[in-house]
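Heads up: the structure comes next, in structure tokens.
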Amino acid sequence: MWVSVLPYDPAWATAFSQMRTSLSAALEGVPVISIEHVGSTSVPGLAAKPIIDIDIIVAPEDIPSAMELLTAHGYTYAPEPRGIDRYSFRYNAHAHDSGATRPTEDGAVRRAVYLNVPTGVALQNHLAVRDVLLRDPGLVEEYARVKTELATREHENIGYYGLGKNGILRKILAKGNLAPEVVEAIAKVNVMPPLKMGDVAFGR
């Protein structure tokens, strides 16, 4: 497969704002702690796959209700590979070509929605990478170069593309304010064998 990596587009921030509004409405009645724009599209100036990654944070006891409401509002639960402590959802409107990294035929921006508890390792990974990049323009440029180069190669699946980013992601995480045991937990997930078709990537 070929991965589409595009120059940063300010429209991604606008798209996230609209998605956050719709998700807040869908989750009415659930005490949502936060809805966060994460992943590369959340970092101004960073080249990215044109997919908006969204982390929804709720208390552990609110996970079942949140999952039920997301399912009722156009999302399908997509179980993660072992070891990833979050609940991933695909947007039904794009289910016919799930996993694609190019814009949709109608020009809509794709989304990947993740339901997390506040202490989740996957959530801490997302937030740490985003926050380090927001304060380090040099790392933004370096990460963009790595991703752009990876996009020039054909990959067996999205997992191999992810493996190609492990080195730069370790460098980014080393500058985050994470406990050593959290960094180690993230590293163990990031070096899992490449994903099989149908698996959900550990979003970054």
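Odds and ends about this structure:
- Being in contact with an Asp or Glu (Cβ under 7 Å, 6 or more places away or on another chain), on the phi < 0 side of the Ramachandran plot and aliphatic (A, V, I, L, M) holds for only one residue in Ala187, Ala128, Ala112, and it is Ala112.
- Of all residues in segment 118-141, those that are under 20 Å from Glu184 (Cα atoms) have Cβ atoms under 8 Å from Cβ atoms of residues that are part of a helix (DSSP H, G or I) and among the small types (Gly, Ala, Ser), 6 or more apart or on another chain, in Val121/Ala185; Arg130/Ser42.
- Subset of segment 3-55 (residues that are under 27 Å from Asp136 (Cα atoms), touching a strand residue (DSSP E or B) at 6+ places or on another chain (Cβ under 7 Å), of a type in the set (S, T, N, Q) and part of a helix (DSSP H, G or I)): Ser40, Thr41
- Those residues of segment 73-87 which are more than 16 Å from the chain's Cα centre (by Cα) and of a type in the set (D, E, K, R), in sequence order: Arg82
- Answer from Arg145, Arg204, Arg153, Arg135 - the residue that is over 20 Å from Asp85 (Cβ atoms) and modelled with pLDDT under 90: Arg153
The values are calculated or read from the model by the stated rules, or taken from the named source; none is laboratory data. Values in this document were obtained by computation on a predicted structure and should not be read as measured data. Reconstructed Cβ throughout: ideal geometry from the backbone, glycine too, with neighbour counts over all protein chains shown.
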